[in-house]
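Written below as structure tokens is the structure these notes are about.
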Amino acid sequence: MAVRLAFVRIAGNLIYGATAVDTLIRVFSALSALMILRLIPIPAKSTKPLFIAFYIFIITLYNMVKEKIPSSPAILALKAHFAVFTLHSYQYEEKGGTKVSAMKLGVDEHCVVKTLVMEDEKAHPLIILMHGDKEVSTKSLARIIGAKSILPCRPEIAQKHTGYQVGGTSPFGTRKSLPVYMEKTILDLPAILINAGSRGLLAQMAPAEVVRILSPVIVNVSL
């Protein structure tokens, strides 16, 4: 009995003061130990697989947090669509744009795709994907979509539509469902780097993945 009580005290000390993820895994570890000591009932055979599966999930989550694997609505959206991508981080610089990200990652700026949030004369928002080293002809874009004019959204308006800070805007996992337009020459690239929903974080993937997930309207509006 003394050994059991000592074990219970140790388990309590492990749980005390832990973070949320630490607490979950420590609680499950303590429960498992208590079951071994027969201090609490062992789950019925019908519930054992669920118990084990959830325990594995908690361990996986714990490892992700410890390894500081980044997450964002964009990354979650990519995973939900089973996208093939790799993440690349760099030291973000205010107003550095794609020029800085390309330089820090050692890639051609032409392969870094920027996500621009714009709106028509009726304030209807849209996203245009463009090469980092190119600009958007808003006149051409307006003509293609049948609008009188197209202008960039103010930063606070863009964030309201997408849920992302300027500098960390991704076309994936946006707060609102927005029409997406994509410069056609992006499709000629073997791979692109595009924002993953956080400042200083880009996702590398084939342009075909962007097309598959977002179904963008392909346009020719680069300058």
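Scanning region 74-91 for residues that are among the aliphatic types (A, V, I, L, M) and either out of contact with any helix residue (DSSP H, G or I) (no Cβ under 8 Å at 6 or more places or on another chain) or not in a loop (DSSP other than H, G, I, E, B) (or both) yields A74, I75, L76, A77, L78, A80, L87. Inside region 141-159, residues that are over 25 Å from the mean Cα position of the chain (by Cα) and either among the charged types (D, E, K, R) or more than 24 Å from I192 (Cα to Cα) (or both) make up a count of 10. List pairs: first in region 195-218 and assigned by TED's automatic domain parsing to the domain that holds T162, second in a strand (DSSP E or B) and among the basic types (K, R), Cβ under 8 Å, 6+ apart or cross-chain? Partner pairs satisfying both residue conditions: N195/K114.
Residues being in the same structural domain as L201 (by TED's automatic domain parsing), out of contact with any Cys (no Cβ under 6 Å at 6 or more places or on another chain), within 19 Å of L202 (Cβ to Cβ) and crowded, with 19+ Cβ neighbours inside 10 Å are represented in region 151-160 by at least one member. Here G168, G173, G163 are screened, and the one residue that is assigned by TED's automatic domain parsing to the domain that holds K122, in contact with a Leu (Cβ under 9 Å, 6 or more places away or on another chain) and on the phi > 0 side of the Ramachandran plot is G173.
With respect to (1) modelled with pLDDT under 95; (2) in a loop (DSSP other than H, G, I, E, B), the lone exception for I56 is condition (2).
To keep it simple, each residue is scored yes or no on (1) out of contact with any Asp or Glu (no Cβ under 8 Å at 6 or more places or on another chain); (2) within 27 Å of A102 (Cα to Cα); (3) in contact (Cβ under 8 Å) with a residue 40 or more places away in the chain.
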| position | (1), (2), (3) |
| --- | --- |
| M118 | yes, yes, no |
| A123 | yes, no, no |
| I128 | no, yes, yes |
| R143 | yes, no, no |
| A147 | no, no, no |
| T174 | yes, yes, yes |
| S177 | yes, no, no |
| Y181 | yes, yes, yes |
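For region 82-139, which positions are more than 15 Å from P152 (Cβ to Cβ) and acidic (D, E)? Once the filter is applied, which keeps residues that are more than 15 Å from P152 (Cβ to Cβ) and acidic (D, E), region 82-139 yields E93, E94, D108, E109, D133.
The values are calculated or read from the model by the stated rules, or taken from the named source; none is laboratory data. In this text, all values refer to a predicted model and were calculated from it rather than measured experimentally. Positions of Cβ are generated from backbone atoms using ideal geometry, with glycine treated the same way; all protein chains shown enter the neighbour counts.
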